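S.K.: Please find one structure pasted underneath; my questions will follow.
Taken together, the values in this text are just the output of simple stated rules run on the coordinates, not laboratory data. Treat the numbers as computed from the prediction; the structure is a model and nothing was measured. Note that we place each Cβ from the backbone using ideal geometry, even for glycine, and neighbour counts take in every protein chain shown.
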Amino acid sequence: MRLLLAVLFLAGRAAGAPAVRAVDAVGVTVGDLGRSVDFYTTLLGFEQVSQADVGGDALEQLRGVFPLHAHVATLRLGDERLQLTEYVAPRGRPVPADSRSNDRWFQHVAIVVSDMDRAYQRLHDAHIAQISPGPQRLPDWNPNAGGIRAFYFRDPDGHPLELIWFPPGKGDRRWQQPGDRLFLGIDHTAIGVADTTASLRFYRDRLGFRVAGTGENWGPEQARLNAVAGAHLRITGLRAAAGPGVELLEYLAPHDGRRRPADVRPNDLVHWQIEMTTGNPSAVAPPRAACADTPERPLGFTRACLTADPDGHAVELVDGSIR
């Protein structure tokens, strides 16, 4: 059966069909769902579209957490989805207090804003936990990033987040559309990686993402943005046919970023996962992925496989959509 699935997978790729159709959502484990929903909806402009209690044998098999009882809320900002999961039982571990942007468990979502100064002031007035000292404008000598303004901060559980503003001519054209909304959508989820080449074999060669852009960022603005002295990053932007992008962040310097602990489980608050839609999760997932048939509601899919990229970042391949 595994050989047949591999043959079907290769045949589909040969015909030009990408393995992954879309990045459907970015998921993150939270400690208090009500608190997190309030933070994202009240402060950052997200809209809650659903909330449900989940559990049972299939999800326990898929997530590797036993016994599993969780509350899940799906939020929307523009066309993108953020899925918040609170594991009521068993509770997981908090985000390490000394987490840094170059640790390879790092992951965030980049929230696009129409006015960086106004968005930053709103967060500052709410006394959020800042990572950056303030918004940073990336220098013009960098042709790919020059003029972009960005700011890092944390949610109530310590998860890093980014505000990003694109000047005319940069970013997706939809971020330049006129309107009165301050928070527009999720441009990408960024992940810390040890080796861009190894990550490309997973995201590009296995999952079918295309490389949308590459570059290197360094200098005082980048160091202040990430709060990492001497930061020098190789950045590779990846895109599926739909949904937010996946951005690979490889720190060329400094070299003291820590590996993601091997024992992280989905109920630990350091856990993020990228939800990806595909026609056949079992054919796309690596052989050691955890797969299960699940009730279509409330999670919106009937077959899913949970796997990890070379650095341990979680990817959940599903045959449906949470939309």
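S.K.: Considering only the other residues whose Cβ falls under 10 Å of the Cβ of E216, what net charge follows from Lys and Arg at +1 and Asp and Glu at -1?
M.R.: On the way: positive: R234; negative: E250.
Once positives and negatives cancel, what remains is 0.
S.K.: 222 nm [θ] for the chain, helices only, -39500 (n - 2.57) per DSSP H run of 4+, per residue, to 500? Each step should come with its number before you reach the end.
M.R.: Working: 7 runs with 52 residues, N = 323.
The helix-only estimate for the chain comes to -4000 deg cm²/dmol at 222 nm.
S.K.: DSSP loop (so not H, G, I, E, B), at most 15 other Cβ within 10 Å: list which trypsin sites (Lys or Arg not before Pro) in segment 44-145 pass both filters. Walk me through the numbers before you get to the answer.
M.R.: Working: sites: R63, R76, R81, R91, R100, R104, R118, R122, R137; in loops: R91, R100, R104.
Loop-located and lightly packed - R91.
S.K.: Does anyone have the angle between helix 116-125 and the longest principal axis of the chain? Alpha-carbon axes, 0 to 90°, nearest 10?
M.R.: The angle comes out at about 80 degrees.
S.K.: Segment 107-253: Rg/Rh from Cα coordinates, Kirkwood Rh?
M.R.: Working: Rg = 15.0 Å, Rh = 15.8 Å.
Checking Rg against Rh, the ratio lands at 0.95.
S.K.: Using the Cα centre of segment 107-253 as the reference point, and only Cβ charges (+1 on K/R, -1 on D/E), how large is the resulting charge dipole? Debye, rounded to the nearest 20. The partial results should precede the final answer.
M.R.: Numbers: 16 positive and 16 negative charges, 73 e Å.
The calculated dipole for segment 107-253 is roughly 360 debye.
S.K.: Working from the alpha-carbon coordinates of segment 197-251, get Rg over Rh, Rh being the Kirkwood radius. Mind showing how you got there, number by number?
M.R.: Numbers: Rg = 12.8 Å, Rh = 12.1 Å.
The Rg/Rh ratio comes out at 1.06.
S.K.: Any idea which of V23, Q48, Y87 is furthest toward the positive side of the dipole for the chain, if Lys and Arg beta-carbons carry +1 and Asp and Glu beta-carbons -1?
M.R.: About the Cα centre, the residue reaching furthest to the positive side is V23.
S.K.: Here is a follow-up. Out of the trypsin sites (Lys or Arg not before Pro) in segment 215-263, which ones are loop residues according to DSSP with at most 12 other C-beta atoms within 10 Å? All intermediate terms of the calculation are to be shown ahead of the outcome.
M.R.: Details: sites: R224, R234, R239, R258, R259; in loops: R258, R259.
Those satisfying the criteria are R259.
S.K.: Select from segment 218-297 those GluC sites (Glu not before Pro) which occupy a DSSP coil region and have at most 15 other Cβ atoms within 10 Å, ordered by residue number. Spell out each step's value before the answer.
M.R.: Numbers: sites: E221, E247, E250, E275, E296; in loops: E296.
Passing both the DSSP loop test and the Cβ count: E296.
S.K.: Can you put S282, S36 in order, fewest other beta carbons within 10 Å first?
M.R.: Arranged by neighbour count, lowest to highest, S282, S36 become S282, S36.
S.K.: Normalising by the residue count of the chain, find the relative contact order in percent from Cα pairs under 8 Å and 6+ residues apart. Don't skip to the end; give the middle numbers.
M.R.: Working: 759 pairs, mean separation 76.2, N = 323.
Normalised by residue count, the contact order of the chain is 24 percent.
S.K.: Moving on to the next point. Using the alpha-carbon centroid of each, what span in Å lies between segment 55-74 and segment 143-171?
M.R.: 33 Å
S.K.: While we're on this one: Given the alpha-carbon gyration tensor of the chain, what are the semi-axes of its equivalent ellipsoid in whole angstrom, ordered largest first, with each equal to the square root of 5 times an eigenvalue? Numbers along the way, then the final one.
M.R.: Numbers: eigenvalues 175, 107, 74 Å².
So the equivalent ellipsoid measures 30, 23, 19 Å along its semi-axes.
S.K.: Compute the angle between helix 2-14 and the longest alpha-carbon principal axis of the chain, please, reported from 0 to 90 degrees and rounded to the nearest 10.
M.R.: Long axis of 2-14 versus the principal axis of the chain: about 50 degrees.
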